[in-house]
Amino acid sequence: MGLVSEKVMLKVQNHNYNVLQALSFQGKPKGGIFYGVELELEIGKSRVVVPVPKPDEEGYCCYSCHPPGMTRWKEPSQDEEILYVEKILGDFVCLKEDGSLKFGLEIVSAPASLQVHRNRWKGFFDTIPKTFKSAKNCGLHIHVSKEPLTHEQQWRVHQFVNSPTNKEFIKRIAGRGSGQYCERKCKSIQEVTDESTKGAGQYPYSRKYGAVNLLPKDSLEVRIFASTTSYQTFMERLEFTAAMVQWVKEENPLKEQLLSSTLREWIEGQEKIYPAFTTWLKEQRG
């Protein structure tokens, strides 16, 4: 993390903190499916000019060791950004540390309906400070309620995201390819069922880094997305997740039907429910 005053530091939880201790479920989602967001953002660093010392002063032997105008990175304070998140999102989110971030924050939302997310995040992105950066080491993770989904439906979500047939489609909507923290690998229905029911305690810690993490007790976690500071991009990815899950729940597509083209067909005529994602689909066709 960056520099944080003692008073503001109390607002940031460690990575293992259970956000449901502080956040409540919000909204009345269709089919009882709640979504939770983890948005990782770095905080941009500020350059400061370092005065040039005299020769032999402070251990410098000559001007060439520290030339005029040289700049250095100053570790930034996070106070302003933390207070901004608190002001705009309030009790809708918790702030957490994350080991993959250098000077950033992980913003974790309450479980909520798609419409609640749509309303609450807009203000955040509309006036987001320029110091927030969606760096390459940052991700956007979306949690989906397990309870309304059968194990076979959870497998269908997993299969759709991991299928080699959908690789390019997933890469485009995710904004990045497979990586260390979102490895893509197809699994059998039995493997998905075992992971979903047995939980994290029965598997190596690294198992959570799949493209779809099935180990959380009450949710499955879609980990494929790059972070963003754009509301439109954020909603495209959140609505894609919601549409994919709702499609699987309503249609129970067969394995050979788990294709991006089949999802496109299903979503036609649902622009009012998934406006950002349907706009993105139209742009892809163009």
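The values are calculated or read from the model by the stated rules, or taken from the named source; none is laboratory data. Quick caveat, the model's predicted, so the values are computed rather than measured. Here Cβ is always computed from backbone atoms with ideal geometry, including for glycine, and neighbour counts include all displayed protein chains.
What the table below lists for this structure:
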read-out: Of all residues in the range 88-104 being assigned to a loop (DSSP other than H, G, I, E, B) and in contact with a His (Cβ under 7 Å, 6 or more places away or on another chain), the one that is surrounded by the most Cβ atoms within 10 Å (Cβ to Cβ); value: Asp98
read-out: The range 179-193 residues that are acidic (Asp, Glu), paired with ones that are loosely packed, with under 15 Cβ neighbours inside 10 Å and modelled with pLDDT of 90 or more (beta carbon under 8 Å, 6 or more apart); value: Glu183/Tyr209
read-out: Failed criterion for Lys208 (all others in (1) basic (Lys, Arg); (2) part of a helix (DSSP H, G or I); (3) at pLDDT 95 or above hold); value: (3)
read-out: Filter result for Phe225 (part of a helix (DSSP H, G or I) and either of a type outside the set (Ser, Thr, Tyr) or within 14 Å of the chain's Cα centre (by Cα) (or both)); value: no
read-out: Search result, residues across the range 229-286 that are surrounded by 13 or more Cβ atoms within 10 Å (Cβ to Cβ), assigned to a loop (DSSP other than H, G, I, E, B) and either of a type in the set (Asp, Glu) or at positive phi (or both); value: Glu271
read-out: Hits in the range 238-261 (condition: free of Cβ contacts under 8 Å to residues at least 12 places away in the same chain and of a type in the set (Ser, Thr, Tyr)); value: Ser261
read-out: Near pairs, Cβ below 8 angstrom, 6+ apart or cross-chain, from the range 118-131 (on the phi < 0 side of the Ramachandran plot) to any residue that is assigned to a loop (DSSP other than H, G, I, E, B) and hydroxyl-bearing (Ser, Thr, Tyr); value: Phe125/Thr229; Phe125/Ser230; Ile128/Thr229
read-out: Looking only at the range 13-53, and only at residues there that are at pLDDT 80 or above, surrounded by 15 or more Cβ atoms within 10 Å (Cβ to Cβ) and in a loop (DSSP other than H, G, I, E, B), the one that is nearest to the chain's Cα centre (by Cα); value: Phe34
read-out: Pro216 vs. criteria part of a loop (DSSP other than H, G, I, E, B), modelled with pLDDT of 95 or more and either within 29 Å of Gln115 (Cα to Cα) or of a type in the set (Asp, Glu) (or both); value: no
